[in-house]
Amino acid sequence: MSDARADAAGKADFSAARWRAPSMQHQQDGRIHKLAGETMGTNWSLSVVNAGFQTLEPVHALVQAVLDEVIAQMSNWEPGSVISRFNASSPGSRTALPAEFAAVLGAAMHWAERSGGALDPTMGALVSLWGFGPRAQPLTPHTGDRPPDDAVLCLLGQSGYGQLPWRPGQPWLEQPGSLQLDLCGIAKGFAVDWVVQRLRQEGWASGLFEIGGELRGWGERPDGRPWRIQLGSGGVDAPMAVALRDGALATSGDYWHHFFSDGKRYSHTIDPRTGSPIEHGLASVTVHHDECMHADALATVLTVMGAKEGMEFARSNDIAAVFREHPPLQDHACGGLGQSCAGALLSPAWKARFAT
């Protein structure tokens, strides 16, 4: 995730006061070594405990190979990817699913059902209609116009996870008509999990891995302390630091991909229940979970729901989450949450998990 947000004139603003995704604090211990690279239109970063000072070239190659495979399966920007081939397939045709793709789709369908459609992997056509789909320059600020209401309603009627003939364990997926899958709300989290899994299999006992703000830690620092993760605030309040030994953090926010039309700001986050961008005041949601794939999905779910509905969902499902809103905060947005609107809203599970 980029640190940039476009201002009202549509220009990128890289100032330090802007919202920042979770980041790995600078590690001073010489036994902690770092690698970095690019993937999925953003950057990845790895910190590993390397007390034996082993060469890290094979580690870099392993990480990049895993990420390239995720792209080959789940990127809407790659014409030959599994997801792109399914989206372009004719009605009634079947697309073979790799195990990883099936796992991500299964998780997306699970949270689609649990959330009443706040997350929906079949919203690809609507994402493209609003201009947030594949673009030649995905890192440039979005510019566009609001699509006609009738076009939104037409595609909304043609989309929906209930129309996808999905069965767990099925090694193929049939195209029912013209459904367009989009796994952007969960695939990056899965990529983090897969990289960490492979690194642990190779014997790396402790580290932190991040892709654009979605991160997972395992093990601990050489001195026995947990990893320290700083959560950005977007200028709403002071940054927050949390201790992380084993687990993942994922953040969803409208800090980068959005556009202005007729003086109104449109978020890149589409509410699958309406077919239009969210309109509440949430700037970001950060979720902690054992797996980054689920943290990623839940951050999207809570962002779509907004502060009040999202907090209720987090409470009823024991989700550790932090909600932050665009200033100025509106009192009605936090009504009944049992938390001051002066800063971040913390779910009970978050306070229990990260109590100091």
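The values are calculated or read from the model by the stated rules, or taken from the named source; none is laboratory data. Computed from a predicted structure; not experimentally measured. Note: ideal-geometry Cβ built from the backbone for every residue, glycine included; neighbour counts use all protein chains shown.
Quick check: is even one residue across segment 273-291 over 30 Å from Arg221 (Cα atoms), modelled with pLDDT of 90 or more and not hydroxyl-bearing (Ser, Thr, Tyr)? Scanning segment 273-291, I find at least one residue that is over 30 Å from Arg221 (Cα atoms), modelled with pLDDT of 90 or more and not hydroxyl-bearing (Ser, Thr, Tyr), so the answer is yes. Are any residues in segment 52-77 over 24 Å from the mean Cα position of the chain (by Cα) and in a loop (DSSP other than H, G, I, E, B), and if so, which ones? Residues satisfying the conditions are Gly52, Phe53, Gln54, Thr55, Leu56.
Considering only segment 120-139, I want to know if a residue exists there that is modelled with pLDDT of 90 or more, among the hydroxyl-bearing types (Ser, Thr, Tyr), out of contact with any strand residue (DSSP E or B) (no Cβ under 9 Å at 6 or more places or on another chain) and over 20 Å from Thr42 (Cβ atoms). No, there is no match, as no residue in segment 120-139 is modelled with pLDDT of 90 or more, among the hydroxyl-bearing types (Ser, Thr, Tyr), out of contact with any strand residue (DSSP E or B) (no Cβ under 9 Å at 6 or more places or on another chain) and over 20 Å from Thr42 (Cβ atoms). Pairing residues of segment 87-102 that are more than 22 Å from Gly133 (Cα to Cα) with residues that are hydroxyl-bearing (Ser, Thr, Tyr) and exposed (fewer than 13 other Cβ atoms within 10 Å of the Cβ), at Cβ distances under 6 Å and at least 6 apart in sequence or on separate chains, gives no pairs at all.
When segment 160-172 is filtered for residues that are touching a helix residue (DSSP H, G or I) at 6+ places or on another chain (Cβ under 6 Å) and not in a loop (DSSP other than H, G, I, E, B), only Tyr161 remains. If only residues of segment 292-302 that are out of contact with any strand residue (DSSP E or B) (no Cβ under 6 Å at 6 or more places or on another chain) and crowded, with 24+ Cβ neighbours inside 10 Å are counted, the one that is nearest to Arg216 (Cα to Cα) is Met293.
Within segment 39-62, the set of residues being under 12 Å from Val195 (Cβ atoms) and touching a strand residue (DSSP E or B) at 6+ places or on another chain (Cβ under 6 Å) comprises Trp44, Ser45, Leu46, Val48, His60.
The condition of being at pLDDT below 95 and out of contact with any Cys (no Cβ under 6 Å at 6 or more places or on another chain) holds for Gly52.
Could you list, in sequence order, the residues of segment 140-159 that are at pLDDT 70 or above, in a loop (DSSP other than H, G, I, E, B) and farther than 18 Å from Ala118 by Cα?
Arg146, Pro147, Pro148 - these are the residues of segment 140-159 that are at pLDDT 70 or above, in a loop (DSSP other than H, G, I, E, B) and farther than 18 Å from Ala118 by Cα.
Taking segment 78-88 as the range and being assigned to a helix (DSSP H, G or I) and not aromatic (Phe, Trp, Tyr) as the test, the residues that pass are Val82, Ile83, Ser84, Arg85, Asn87, Ala88.
Every condition in (1) touching a strand residue (DSSP E or B) at 6+ places or on another chain (Cβ under 7 Å); (2) among the polar types (S, T, N, Q); (3) at pLDDT below 85 holds for Ser261 except the one numbered (1).
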